[in-house]
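The structure under discussion appears below in the form of structure tokens.
The values are calculated or read from the model by the stated rules, or taken from the named source; none is laboratory data. In this text the structure is predicted, and so the values were computed from the model without any measurement. As a convention, Cβ positions derive from the backbone with ideal geometry for all residues, glycine included, and neighbour counts pool all protein chains shown. For the accessible areas, the whole protein counts, side chains as well, though only heavy atoms, and no ligand, DNA or RNA atoms are used. Shrake-Rupley method; radii C 1.70, N 1.55, O 1.52, S 1.80 Å.
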Amino acid sequence: MRYAVFDIGSNSIKCVMAETRARGVRILREESISTRLAEHLIDTCELRAEAIARTLDALRKLRADAAALGVEHFRAVATSAVRDSRNRREFLAAAREVLGFRVRLLSGAEEAEIIFAGVGADPHWRGRDAFILDIGGGSAEWVQGRHGRMEKRISLPLGAVRLRERFLHEYPVAPDTAALLVETIRGQIAHPLAPYSLSARRLIGTGGTITCLVAIHKKLAEFDPHKIDHASLTIGQIRGLLHGFTGCTLDRLRALPGLPPKRADLIIPGTAVVLATMELLDASRLHVSIRGLRYGVLTAAIHEEESRGALHPPIRHPAKGRSVS
């Protein structure tokens with residue numbers, strides 16, 4: 001059986017397509033499309049028409065690609081940007097028309113739980129004591145677990161897009177400004193994370209900021225999951241990367257190997273969340289997982305379909321519509 005999962009985030013849509021075989025799950029395709037759905041959400045509390053159009057266009061493309069691969073089972077989830085918007089009902093209805101099936105709107109707590117399940121589905125981390133940090137566009141999640149079981153989780157509106165629009169209004173960003181941003185974030189997470197402890201747990205990071213940090217550190221001309229998954233960075237290396245980003249124009253950031261141009265304005269605020277977390281937890285090293293929310297949704301979908309013998313209502317054909325550029 002073949003599956004497709006669409007993760008509709010604040011900055012991008014991430015999609016994973018997979019098939020189940022006797023020996024396990026085979027990933028057929030992964031794709032990330034930047035749509036910046038949360039653009040100016042902090043000012044208006046509504047998803048902008050242009051951002052919605054970009055997102056629906058990307059969903060339409062991915063839905064067609066999945067159909068061409070013979071995908072039978074679909075899941076879609078939406079996160080911070082949608083749940084924080086006043087016009088979320090209208091967006092969810094439009095997304096359903098494009099996809100042909102319902103999009104599940106996740107709470108912050110649900111998002112954190114599914115991220116934990118996604119990372120834990122990796123045999124490399126299964127059953128380990130872990131503390132997971134996921135940085136998205138609109139929110140960030142912190143999840144503490146032991147022996148593969150989640151103990152605590154929290155989601156806060158400290159995603160890279162949101163922080164960029166709140167605090168960084170021009171580039172280059174001065175070193176003092178970046179240091180103040182780290183200090184501000186640390187102050188905002190200190191009380192919510194007071195009951196949490198790294199202890200002997202591994203700190204594992206997921207999300208675009210964290211995978212980009214590894215790619216930049218390794219100067220990867222192209223994204224290579226085999227060189228990023230399970231890699232690690234010390235806090236000193238991350239501080240050095242942040243220092244290197246300061247003083248750079250957006251054009252210089254866009255030219256960095258390993259940093260997608262559309263993420264250039266997000267790398268400083270995202271890295272600030274990483275550093276603030278590591279300082280607060282007294283963590284010396286960050287381990288990296290390319291898995292996360294979409295893998296958690298995929299794992300749950302496979303279990304659900306297998307448990308009911310793949311007996312499920314048919315997915316109606318997506319509504320036809322004009323692509324919006």
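Tabulated results
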read-out: Options Leu250, Leu242, Leu286: the member that is more than 30 Å from Arg29 (Cβ to Cβ), in contact with a Ser or Thr (Cβ under 7 Å, 6 or more places away or on another chain) and not β-branched (Val, Ile, Thr); value: Leu242
read-out: Enumerated strands (runs of 3 or more DSSP E) restricted to segment 124-184, each holding at least 1 residues that are modelled with pLDDT of 95 or more and within 14 Å of Thr209 (Cβ to Cβ); value: 130-135, 140-146
read-out: Leu198 vs. criteria in a loop (DSSP other than H, G, I, E, B) and either surrounded by fewer than 23 Cβ atoms within 10 Å (Cβ to Cβ) or basic (Lys, Arg) (or both); value: yes
read-out: Qualifying residues in segment 34-68 (those that are among the β-branched types (Val, Ile, Thr) and surrounded by fewer than 18 Cβ atoms within 10 Å (Cβ to Cβ)) - the one farthest from Pro123 (Cα to Cα); value: Thr44
read-out: Filter result for the condition that a residue is in contact (Cβ under 8 Å) with a residue 12 or more places away in the chain, surrounded by 13 or more Cβ atoms within 10 Å (Cβ to Cβ), within 21 Å of Lys14 (Cα to Cα) and not hydroxyl-bearing (Ser, Thr, Tyr), over Gly247, Gly207; value: Gly207
read-out: Positions within segment 84-119 being within 14 Å of Val143 (Cα to Cα) and open to solvent by 30 Å² or more (accessible area, probe 1.4 Å), in sequence order; value: Ala109, Glu110, Glu113, Ala117
read-out: In segment 120-155, residue surrounded by the most Cβ atoms within 10 Å (Cβ to Cβ) [restricted to those that are farther than 18 Å from Tyr295 by Cβ and free of Cβ contacts under 8 Å to residues at least 40 places away in the same chain]; value: Glu151
read-out: Search result, residues across segment 34-61 that are aliphatic (A, V, I, L, M), under 11 Å from Ile13 (Cα atoms) and under 17 Å from the mean Cα position of the chain (by Cα); value: Leu37, Ala58, Leu59
read-out: Meets criteria (in contact with a helix residue (DSSP H, G or I) (Cβ under 9 Å, 6 or more places away or on another chain), closer than 23 Å to Gly138 by Cα and in a strand (DSSP E or B)) for Val16; value: yes
